[in-house]
Amino acid sequence: MKIRELVKLRKQNDRVKIAFLFILSGIAFFGISVGNGISCLDIVNGRSEYVLSKAEQITRKDIDLLNSVQDISCVSRELTENVTIKYREEEAAVSSVLVSEEYIKELYGVEDRSSGKVFYMNHAALLLINEELGLSDQAAADKEAFEIKVTYLPDGEERGRYKSAVLVVLQDTMHGDEPFVCTCDSTARLSHGTASVRVIREKRQIEDMAGAQFEKMGFQVEEKERLIETAYEVQLSMVKLEYSILLAVVCVFAGVLLFAGEVRH
């Protein structure tokens, strides 16, 4: 059948119009399927981070046990320290996570800085303090990586005894919209009284996004609600993908049947 005859038939016959609508709907659902599929792949293939804790101090044996898990790329003890960051004459209070240098390298892929204190901050954290530090809103909104020289004062130390540091603001796909600030510290300090660790998992496990595997190993998974929420988002995306593919197939199949039946007449 020629294209001109096909167009004429579509204009004159309601069943052919319906067949075309089914086929176009099927194509639209296939497009939605592609979008849902890409969304699922982005989540599943992305790295994930877990904060694990124990009632007692984390031992070397615990670290070795976590490192033995196949898809774990890095494990670090962690501590939390409240500091005051000063930029020019402006100050802002920040809660910083202390981790190993190797962990920061794995997390951000940054080069080793052999001297000086460096605080790494994502844009979500910058949004909380940019006004206090006198930085423009545009600096946080642009989401470009940059660094500035600052001074800092750990909680408990005398005011006026500020130390030099560099504040690096960078892209952070791991934490997304969750504010996150970290810096590296010595193994000796991290080993003292540490009851929690951070773990980077190279690929999310759909069947165990909430970290049940770690619980079986004797750890408590922190912020489990957020992990369950992410797992729910993945499951919802998978359901949307399945239904959009099913609807696409049904629509195209129905359209082809209607059109084929009309052409035979």
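The values are calculated or read from the model by the stated rules, or taken from the named source; none is laboratory data. What you see is a predicted model, and the numbers here were worked out from it, not measured in a lab. Every residue, glycine as well, gets a Cβ built from its backbone with ideal geometry; the counts of neighbours run over all protein chains shown.
Return the residues of region 39-56 that are part of a helix (DSSP H, G or I) and modelled with pLDDT of 80 or more; say none if nothing qualifies.
At the first step, the residues of region 39-56 found to be part of a helix (DSSP H, G or I) are 39-45.
None; the set is empty.
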The number of residues in region 36-45 that are surrounded by fewer than 14 Cβ atoms within 10 Å (Cβ to Cβ) and not polar (S, T, N, Q) is 3
Among residues of region 28-64 being over 18 Å from the mean Cα position of the chain (by Cα) and of a type in the set (Lys, Arg), the residue nearest to residue 197 (Cα to Cα) is 54
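Among the residues of region 65-81, write down those that are closer than 17 Å to residue 194 by Cβ, touching a strand residue (DSSP E or B) at 6+ places or on another chain (Cβ under 9 Å) and outside any loop (DSSP other than H, G, I, E, B).
Applying the first criterion (closer than 17 Å to residue 194 by Cβ) to region 65-81 yields 65-67, 74-81.
Right, trim to touching a strand residue (DSSP E or B) at 6+ places or on another chain (Cβ under 9 Å) and you get 66-67, 74-81.
Selection gives 66, 67, 74, 75, 76, 77, 79, 80, 81.
Could you look through region 82-117, keep only residues that are among the small types (Gly, Ala, Ser), assigned to a strand (DSSP E or B) and out of contact with any helix residue (DSSP H, G or I) (no Cβ under 6 Å at 6 or more places or on another chain), and pick out the one that is surrounded by the most Cβ atoms within 10 Å (Cβ to Cβ)?
The qualifying residue surrounded by the most Cβ atoms within 10 Å (Cβ to Cβ) is 96.
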In region 69-98, anything at pLDDT 90 or above and of a type in the set (S, T, N, Q) is listed as 73, 76, 80, 82, 84, 95, 96
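Hey, could you check region 158-174 for residues that are under 12 Å from the mean Cα position of the chain (by Cα) and surrounded by 15 or more Cβ atoms within 10 Å (Cβ to Cβ) and say which is farthest from residue 46 (Cα to Cα)? Spell out the reasoning first.
To start, the set of residues in region 158-174 that are under 12 Å from the mean Cα position of the chain (by Cα) comprises 171-174.
Imposing the further condition that a residue be surrounded by 15 or more Cβ atoms within 10 Å (Cβ to Cβ) reduces the set to 172, 174.
Values: 172: 12, 174: 8 Å.
That would be 172.
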The correct count of residues that are closer than 24 Å to residue 153 by Cα and either without any contact (Cβ under 8 Å) to a residue 24 or more places away in the chain or among the hydrophobic types (A, V, I, L, M, F, W, C) (or both) in region 71-88 is 4
